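Asks: Sharing a structure here in structure tokens format.
The values are calculated or read from the model by the stated rules, or taken from the named source; none is laboratory data. For clarity, every value in this text was computed on a predicted model and none was experimentally measured. Every residue, glycine among them, receives a Cβ derived from its backbone with ideal geometry; neighbour counts consider all protein chains shown. The accessibility values were calculated without ligands, DNA or RNA, using every heavy atom of the protein model including side chains. Shrake-Rupley method; radii C 1.70, N 1.55, O 1.52, S 1.80 Å.
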Protein chains: 4
Amino acid sequence: MIRAGIYGATGYTGYELVRLLARHPQVEVGFVTSESQAGRPLSVIFPQAPAYELVAAAKAPLDQVDVVFLCLPHAAAAPTAVSALNAGKRVIDLSADFRLKERTVYEQWYKVSHPAPDWLAAAVYGLTEFARAELSEAQLVANPGCYPTSILLGLQPLLAAGLPLNGPIIADSKSGVSGAGRMPRQHTHFVEVAGNFTPYGIGRGHRHLPEIEQQIRSWQPDAPPLIFSPHLLPVPRGILSTIYVNPDMVIGHRSSVIGEVRGLYEAAYEDEPFVDVLPEGEVATLAHVVHSNRCAIGLTMAGSTLIITSAIDNLIKGAAGQAVQNMNVMVGFEETMGLKS
Amino acid sequence: MIRAGIYGATGYTGYELVRLLARHPQVEVGFVTSESQAGRPLSVIFPQAPAYELVAAAKAPLDQVDVVFLCLPHAAAAPTAVSALNAGKRVIDLSADFRLKERTVYEQWYKVSHPAPDWLAAAVYGLTEFARAELSEAQLVANPGCYPTSILLGLQPLLAAGLPLNGPIIADSKSGVSGAGRMPRQHTHFVEVAGNFTPYGIGRGHRHLPEIEQQIRSWQPDAPPLIFSPHLLPVPRGILSTIYVNPDMVIGHRSSVIGEVRGLYEAAYEDEPFVDVLPEGEVATLAHVVHSNRCAIGLTMAGSTLIITSAIDNLIKGAAGQAVQNMNVMVGFEETMGLKS
Amino acid sequence: MIRAGIYGATGYTGYELVRLLARHPQVEVGFVTSESQAGRPLSVIFPQAPAYELVAAAKAPLDQVDVVFLCLPHAAAAPTAVSALNAGKRVIDLSADFRLKERTVYEQWYKVSHPAPDWLAAAVYGLTEFARAELSEAQLVANPGCYPTSILLGLQPLLAAGLPLNGPIIADSKSGVSGAGRMPRQHTHFVEVAGNFTPYGIGRGHRHLPEIEQQIRSWQPDAPPLIFSPHLLPVPRGILSTIYVNPDMVIGHRSSVIGEVRGLYEAAYEDEPFVDVLPEGEVATLAHVVHSNRCAIGLTMAGSTLIITSAIDNLIKGAAGQAVQNMNVMVGFEETMGLKS
Amino acid sequence: MIRAGIYGATGYTGYELVRLLARHPQVEVGFVTSESQAGRPLSVIFPQAPAYELVAAAKAPLDQVDVVFLCLPHAAAAPTAVSALNAGKRVIDLSADFRLKERTVYEQWYKVSHPAPDWLAAAVYGLTEFARAELSEAQLVANPGCYPTSILLGLQPLLAAGLPLNGPIIADSKSGVSGAGRMPRQHTHFVEVAGNFTPYGIGRGHRHLPEIEQQIRSWQPDAPPLIFSPHLLPVPRGILSTIYVNPDMVIGHRSSVIGEVRGLYEAAYEDEPFVDVLPEGEVATLAHVVHSNRCAIGLTMAGSTLIITSAIDNLIKGAAGQAVQNMNVMVGFEETMGLKS
């Protein structure tokens, strides 16, 4: 049994994490923080929440927990992470602060000085399926973004195989509204979203782009550039990425290419508890994954183009669920503990 | 041809009004105001908006218009109304500022001093179907609230007939989210609304309660009290009120009561272009009315209780459409002009 | 550890039950049936379903299970129930076949001969909170309907106290679309439902009406008639009933009445794991209950009318969850086993 | 003033057409047909419908109309078209029967013998903006499919310019549920669609693929193949296609390429009343187009990839609205008549 503290429990990700940890058989929740709602029960905000009282971060009993989770905005997470690390705690940061290895890239995309650049090297990028060895020793884990998780799990077996790819990799991604956070904004108003569907950040670049490209290059250094097109779906949760790549294979005819590609994916994921390579002819949908820590992956050829459909629940496998999965690996629990749906 | 100015064009009601007036064959839009967006085209906010540029209220060319519409918050509308009235313009106010006849009632419910109490007596309550005579001479029209319109049109024939009623009148009303305004709030966030359904303001009292009761008493001074229960529906627009009354009729058996009641409604509304009394066995739904200026009314008996279902589009018959309908009557245009769907 | 069989696993209720039983620590799923999909895995229909293969009912290994659940249409459930009962199995029937005590009432409302009238007397109406003693010995449990569960839990403490009530009891209920079943119909087409809100079965009577009235009379034989108005909400799941009653209390002023009523509810439900009486000023919403076995109850006075808001998830507390809760009581498991969210 | 007959008025497209024609100032609706609902008013199905009575097709007074619209299933439309053509009527067919020039291609994709192959050559493909000259003389117009309209309007200026393109053209398209028709099916059930998002027909090929490719080749015979990925959006109406192409331009740097491309689009569409090329930095969304006959087109460069976002209302510009636009051109009315929103 370990004890965990959650900084920033009143956002959608924070609450999902509280919910998961509250039912985890080997975790006790030590504290949940909120600045604006300190002193009130979490159930004031989420009526089904467990009976925890929110405390201000400064008053959180850090010394009584073993691991902390940070569900704070970027730039706010890093200083809290450093305090916890200095106190000897293991830290899983769900913000973007430790995802990018290059300080300059972070500062270019997030428009702030990095608050703790000395920790960048030590941070482990926690795409669990491909980080287990490092996770077991990690002090600081950068939990991947939601879009990156859906795209990277969808691409890894192909990229790791080193097949040359023609033209750009295109990821046409669609996300539910909880990905935009709980703070009310004009573009998350029900009346603006219902019945609508909107691309955003196309071309100019979404902040998840450098994160995805960093990982792509770690698997295939000369991979072609990524075109990333996020869209806002009128659903509360879930991400589906439709990914287009053109593998340059010697074998000419379609059935062989798809067979070879399918073999790569099945080999990569056959023992994975949370990644499902769907049978031939089946495409990934949100219904495969919402309210679960699963990633569903469909593979289809259209001419010489491979179309990968990859779906996750943005709040679970794309955030809180993967954070718990990372914690399980770090601490040595069974990886699926507390995550079966 | 007349010219109209619209104060507050960037809310949902304001925009709906702009849309209706832009296609009205006898109206030219003189100006549309916004404080925060002055200088920008309205289409920056609503991509299908006509090509009007927003101006600050202080710079609106009031002298160039014949009639003004106020889509401003309560307490902000009244001073603008007074300026326009003093300039000799006819004013249709879509806020609550002139709906309540008693200054003290207004101040009790809205928690502010009334900004223009001297105009309360002159204001005509613009439930068009029952205000035509006064409207033709009116300088100042208080456009009814959305909930009140659905409930009052559903009750008037019964109340005007003077039938004694047993027990309270119960209006269980359900409204789409645009009724809560365009300003983003926590409770209008897509993720909070989608998949949810919430009563609010029950018992303690919604601000539309005194407005509805004032009209009820004008038709039947000794009517029983109203129980008004608003609920938030996960749809962009539309209100459905399910109204329960117990008429105390001498005639004992059910078929006669419903026949008599139906006769009252058909007599009241048979020549009304925008109020449809539905045939026996049919209930009102949002599909009857959204995107139109119609009110659909269904009548059903259950034991000795009369159940009235009354549906409107909250932004049209419940706001902008009724405002145009009132303008048509005031100016002497055909009442349906610009309002056929 | 017991073994359970589920007849009719491809409807929304059947699948919810499979999902709950698959994670129940003391239950093993023995079989899941479907006529049209026999031989295929359940995951063909529900992509997140556990790995069970559907079998035709006639081939289900009835002898290998201890308890059976029937998620079959009315009239089809009863014969299957009788076969299982004759084989000595305990039966939880989620259809309407054994809910009404009077065969004639059943035949009048369902327009078929009752297939097994001899079992009506033995069937226990499984509104768990008020049936524990009978459940522990029951061979046959009639699992309550979804609307009845929301309304009856909302009324029981008041009715059981024997307070005289004036005028009818009005239940204005709103249900998500899964309550209409998985078979596609015109009125469940996405385009018909989205953006719409529709009353149905008002006045003429919904089939749940006699079921509710039967229970009401069992608690207060001279209770006034029930007016039951179901509405179709554009959400997948959840029921909210807004219930209006007029208790005839000697004590005149409002604060005392509500205090007294609140006392009744708190006394009735204080030890109940799945029924929450909400604090003063809070109303029940779907967000309190979806994806859980909870019933949330809010209490408000408006004049002399008591407004009870009662919310459940129609598929869980209104069907599959309550069925598992009943099984737990029947078998002697902890009542909340497998039902914590 | 002309008279029009509508075959198949009870589907979503048929009703939208009735609605548009009923308010068209120069059209009188001569008849509306339905086999299953003959004899009943259209308002039984669509509560806001104009007061027309449905007749069986065989009883429709064909001799009293000038033009007929066919909103019938494929293979059923062609024989009706032939009858009307033989009677000297002008025909606008909204089915797929006359869209493909090659009979064999039709038969391969639709799995039926073509009912009227002799008329294929004479049929004009009615993508209005690029068919005006032929439309004015046409007897038979094949109204384009909804997906094709969104994709083709988004591609024409680029393809007509003859710029060489690298790699495939990718159209990642998302459609509202009305595109699947009004007949209830499992995949259009509200509970299956709400909160979900599903690719379908990817790779194996949707029937709109040959229609789109036929037009693409007519503009650029050596254009690369099209990869077409349709997805089902949880909204009632609207299509957004996100289209990826790689123009092989000599000019190297991005600003010039996008500038040149933008010039092509602005030149092509500057006088078009229904096609809007959005300003730089703006992407097309459903909110730009629903309930209108508009097509909104956004242009963005990402590296050397041009991303075209193209949005229409599938029932209007993608079906009934374009049919009316075609009729206006055929008859010589002002092209926008009856289509201003």
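Asks: Give a quick list of chymotrypsin sites (Phe, Trp or Tyr not before Pro) in segment D:6-101 that DSSP marks as loop, anything other than H, G, I, E or B, with at most 14 other Cβ atoms within 10 Å.
Replies: Details: sites: D:Y7, D:Y12, D:Y15, D:F31, D:Y52, D:F69, D:F98; in loops: D:Y52, D:F98.
Sites meeting the loop and neighbour criteria: none at all.
Asks: Now a separate question. With θ set to phi - 60° and the Karplus curve 6.51 cos²θ - 1.76 cosθ + 1.60, what are the ³J(HN,Hα) couplings of segment D:121-127 in order, to the nearest whole Hz, using x for Gly and Pro?
Replies: Taking θ as phi minus 60°, the curve returns 5, 7, 5, 9, 6, x, 7 Hz for segment D:121-127.
Asks: What is the helix-to-structure angle for A:321-331, meaning the angle in degrees between its Cα long axis and the longest Cα principal axis of chain A, kept from 0 to 90 and rounded to the nearest 10?
Replies: Taking Cα atoms only, the helix is inclined about 70 degrees.
Asks: Here's something else I'd like to know. Is segment C:175-323 rounded, prolate or oblate when judged by the Cα gyration tensor, a ≥ b ≥ c being the square roots of its eigenvalues, rounded requiring a/c under 1.5 and prolate requiring a/b larger than b/c?
Replies: Prolate, because a/c is 1.5 or more and a/b exceeds b/c.
Asks: So what's the net charge close to D:L120: Lys and Arg +1, Asp and Glu -1, counting the other residues with Cβ under 11 Å from its Cβ?
Replies: In short, 0.
Asks: Using Cα atoms only, what is the angle between the long axis of helix C:12-22 and the major principal axis of chain C, expressed in degrees (0 to 90) to the nearest 10?
Replies: For C:12-22 against chain C, the angle is about 70 degrees.
Asks: Other chains' Cβ within 10 Å of B:91-102 residues: what's the mean?
Replies: Mean number of neighbouring Cβ atoms from other chains: 0.
Asks: Give me the 1.4 Å probe accessible area per residue for segment D:123-239, excluding ligands and nucleic acids, in Å².
Replies: Details: 3340 Å² over 117 residues.
I get 29 Å² per residue for segment D:123-239.
Asks: Over chain B, calculate the relative contact order: mean separation of alpha carbon pairs under 8 Å at least 6 apart, over the residue count, as a percent.
Replies: 17
Asks: Quick check: the angle from helix C:77-86's long axis to the longest principal axis of chain C, C-alpha only, nearest 10 degrees?
Replies: 70
Asks: If you don't mind, there's one more thing I want to ask. Please identify which residues in segment A:45-89 have an amide N closer than 19 Å to a label point set 7 Å out from the Cα of A:Q139, following the Cα→Cβ vector.
Replies: A:62-70, A:77-89
Asks: Say we join alpha carbon atoms closer than 10 Å with springs in a Gaussian network model of chain C; which of C:E266, C:E282, C:E192 then has the biggest fluctuation?
Replies: Greatest mean-square fluctuation among the candidates belongs to C:E192.
Asks: While we're on this one: Provide the net charge surrounding D:G263, with neighbours chosen by a C-beta distance below 14 Å and charges set as Lys +1, Arg +1, Asp -1, Glu -1.
Replies: -3
Asks: If I take every Cα pair under 8 Å that is 6 or more residues apart in segment D:1-80, average their sequence separation and divide by the length, what percent do I get for the relative contact order?
Replies: Reported as a whole number, the value is 38 percent.
Asks: What dipole magnitude, in Debye to the nearest 20, does segment C:192-287 give about its Cα centre under +1 on Lys/Arg Cβ and -1 on Asp/Glu Cβ?
Replies: That gives a dipole near 500 debye.
Asks: Summing +1 for each Lys or Arg and -1 for each Asp or Glu, what net charge is found among the other residues whose Cβ lies under 13 Å from the Cβ of C:L62?
Replies: Values: positive: C:R3, C:K59, C:K89, C:R90; negative: C:D63, C:D66.
For residues surrounding C:L62, the net value is +2.
Asks: For A:V275, which sequence-distant residues (separation of 5 or more, or a different chain) have an amide H within less than 5 Å of its own amide H, given hydrogens modelled in the peptide plane?
Replies: Sorted by chain and number, the residues that satisfy this are A:C295.
Asks: Within segment C:114-147, which residues have the backbone N less than 15 Å from the label spot 7 Å out from C:V82 along Cα→beta-carbon, could you tell me?
Replies: Within reach of a label on C:V82: C:114-123.
Asks: Something else now. Report, in deg cm²/dmol and to the nearest 500, the calculated mean residue ellipticity at 222 nm for chain C, where each DSSP H run with n ≥ 4 adds -39500 (n - 2.57) and the sum is divided by the residue count.
Replies: -8000 deg cm²/dmol
Asks: In nm, what does the list of distances from C:A121 to its counterparts in the other copies look like, shortest first, when each label sits 7 Å along Cα to Cβ?
Replies: Computed spacing set for this position: 7.8, 8.5, 8.6 nm.
Asks: Using a 1.4 Å probe and ignoring any ligands, DNA or RNA, find the accessible area of A:R207 and quote it in Å² to the nearest 10.
Replies: Solvent-accessible area, nearest 10 Å²: 100 Å².
Asks: Can you figure out the FRET efficiency of A:S341 with A:R185, using R₀ = 35 Å and their beta-carbon distance, to the nearest 0.05?
Replies: Values: r = 30 Å, r/R0 = 0.86.
With R0 = 35 Å, the Cβ-Cβ based efficiency is 0.70.
Asks: Which parts of segment C:267-305, residue by residue, lose 40 Å² or more of accessible area when the rest of the protein chains are there, as against the chain isolated (1.4 Å probe)?
Replies: Buried by the other chains: C:V283, C:A287.
Asks: Segment D:85-179: which GluC sites (Glu not before Pro) are DSSP loop and have at most 11 other beta-carbon atoms within 10 angstrom?
Replies: D:E137
Asks: Another question, if that's okay. Which lysines have a Cα less than 28 Å from the Cα of B:K101, not counting those fewer than 8 places away in the same chain?
Replies: Partners within reach: B:K89, B:K111, B:K174, B:K317.
Asks: Once a ≥ b ≥ c are taken as the square roots of the eigenvalues of the Cα gyration tensor of the protein assembly as shown, is the result rounded (a/c under 1.5), prolate (a/b larger than b/c) or oblate (a/b not larger than b/c)?
Replies: The shape class here is rounded.
Asks: Please work out whether segment C:88-192 counts as rounded, prolate or oblate from its C-alpha gyration tensor, where a ≥ b ≥ c are the square roots of the eigenvalues and a/c under 1.5 means rounded, while otherwise a/b larger than b/c means prolate and anything else oblate?
Replies: Here segment C:88-192 falls in the oblate category.
Asks: Here's another thing I want to ask about it. Under 5 Å between amide H atoms, partner at least 5 residues away or on a different chain: which partners does B:V55 have, H built in plane at 1.01 Å?
Replies: Counting only residues 5 or more places away or on other chains, the set is B:V32, B:T33, B:S34, B:G39.
Asks: How far, in nm to one decimal, is D:E260 from itself in the other copies if the label point is set 7 angstrom along Cα toward Cβ? Shortest first, please.
Replies: Those separations, rounded to one decimal, come out as 3.5, 8.4, 8.7 nm.
Asks: When chain C is treated as a GNM, springs tying every alpha-carbon pair under 10 Å, which of C:H74, C:H208, C:H189 comes out with the largest mean-square fluctuation?
Replies: Comparing C:H74, C:H208, C:H189 in the GNM, the peak value goes to C:H189.
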